[in-house]
1. Run through the DSSP bridge list for segment 48-284 and note the antiparallel percent, rounded to the nearest 5.
2. What is the packing order of peptides 129-142, 235-248, taking the mean over residues of other C-beta atoms within 10 Å and listing the highest first?
3. What Kirkwood radius, in Å to one decimal, follows from the Cα pairs of segment 250-394?
4. Take every Cα-Cα pair in segment 267-311 and report what % of them are more than 14 Å apart.
5. So what is the relative contact order for the chain, in percent, with contacts set as C-alpha pairs under 8 Å and at least six apart?
6. Rounded to the nearest 500, what is the 222 nm mean residue ellipticity of the chain from helices alone, with -39500 (n - 2.57) per DSSP H run of 4+ residues and division by all residues?
7. Which whole-number value in Å³ per residue fits the convex hull of the alpha carbons of segment 66-157?
8. Multiplying the sequence separation of R8 and R23 by 0.36 nm and subtracting their Cα-Cα distance, what value in nm do you get?
Amino acid sequence: MTTPNAHRLAARVKLSEAHLITRMLNIADGLDDVIKLGRGDPDLDTPAHIVEAGRQALSDGATHYTHPAGIAPLREAIAAQIREHGGADYAADEILVTPGGQHGMFVIALSLLDPGDEIIVPCPGYNPYQQAAELSEAKVVKVPMGMETNFTLTAEMIRPHITARSKILVLINPNNPTGTVTAPEEVVKIAELAREHDLIVISDEIYAQLTFGNHRVQPVAALPGMRDRTITLSGFSKAYAMTGWRIGYLAGPRDLITPMTEINHAFAISVAGVSQHAALAAATGPQDCVAEMRGTYDARRRAICAGLDAIGMRYAEPQGGFYVYADVASLKLGIGAGAFCERLLAEGRVMMYPGTIYGDHTDDFVRMSMTQPVPRIEEAMARMAAVVAAIREE
Ligand code: PLP
């Protein structure tokens, strides 16, 4: 006989929208020739010199725990790279290497948030920020964004959501799932607001090296008065196609990074040495691989936009990262984005995710990842056009 507690989950475990992802992945597994524009995992290989550095590190015995904040040369290289990209000036002990940027979100939440504290997040936005905050029993305050601002935050949109309990403001730039960039002059205004209301800013700049055209990212921590109230979250997954190496970092003032290092130690001890040596090669080696990937994503972005234009589907202008956020409601099919994604997968064998996964309250939008080569994207867009036509004929 089982006791009542034998199979009980903790109260905080909620069946969230994220389960949709698992359901769609399960459906896709049972189908042939699915074009996957779902996950934010580049199909591109990690550049050869980075893989080689990892291989060499293994041969040299990098098979042990390291310093809990990461090997010193990597932390120095990250600090140098942040400076080169116009970010703040950090010492090596103001960098914390984490097993992926996502892990960093939980380190931040557990280090900074008490029950009842409020954390302001963009909506739609990358959902683990919310999950991490909920683990700390903080209150998640969502700032809804829409097409009016091309799905980017403005200081004036944030202002009404600030209360006496507001502690953290999350800025994701470029944003996931919308692929949009907050303009530098708006970042300046948001930073002023954060100073005015004594907020800590978590600036997620993991896609900052992947922007298109004239769009560029203003690092928050480099703005006047922001260095000591900003934690920059970033990593190697996106710009260097290193998702599977599980390595990211937090950069911030010593008085925050030192306790965060202790929390990180409790959770992870340290990041795999092999990944740290590979990341060191990524940060210090030739950067033309990043420019090349940027060009690749730019071509894919154009292919997706051309396909959407042909179908007559509205979308947020994709300015950075590798996502296009498109409006199913603009097709007037009479079905929501969730149902559209399921039909597209079952009938068109194309996978993309509904925006509700990322907090969008409308069930109108879908996120498409630019994680397939142009010919496959073109094929995906043709299949999508056929599914749209079939729904219209019903
Ligand atoms: N931040 C954003 C906005 C992301 O989209 C992701 C992954 O998709 C991450 C952080 C985490 O990436 P990783 O844990 O691979 O470093």
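What follows draws every value from the coordinates through simple rules; no lab data is involved. This structure is a prediction, so every number in the text was calculated from the model and none was measured. Neighbour counts run over all protein chains shown; Cβ positions are idealised from the backbone, glycine included.
1. Numbers: 8 of 26 bridges.
Rounded to the nearest five, the antiparallel share is 30 percent.
2. Numbers: 129-142: 19.1, 235-248: 22.9.
Taking the mean over residues of other Cβ atoms within 10 Å, the ranking is 235-248, 129-142.
3. On the way: mean 1/r = 0.0556 Å⁻¹.
For segment 250-394, inverting the mean 1/r across all distinct Cα pairs yields 18.0 Å.
4. On the way: 671 of 990 pairs.
Every Cα pair in segment 267-311 considered, those over 14 Å come to 68 percent.
5. Working: 766 pairs, mean separation 95.9, N = 394.
Here the relative contact order equals 24 percent.
6. -12500 deg cm²/dmol
7. Looking at segment 66-157, the number lands at 129 Å³ per residue.
8. Details: separation 15, 0.36 × 15 = 5.40 nm, distance 2.20 nm.
So the chain would gain 3.2 nm between R8 and R23.
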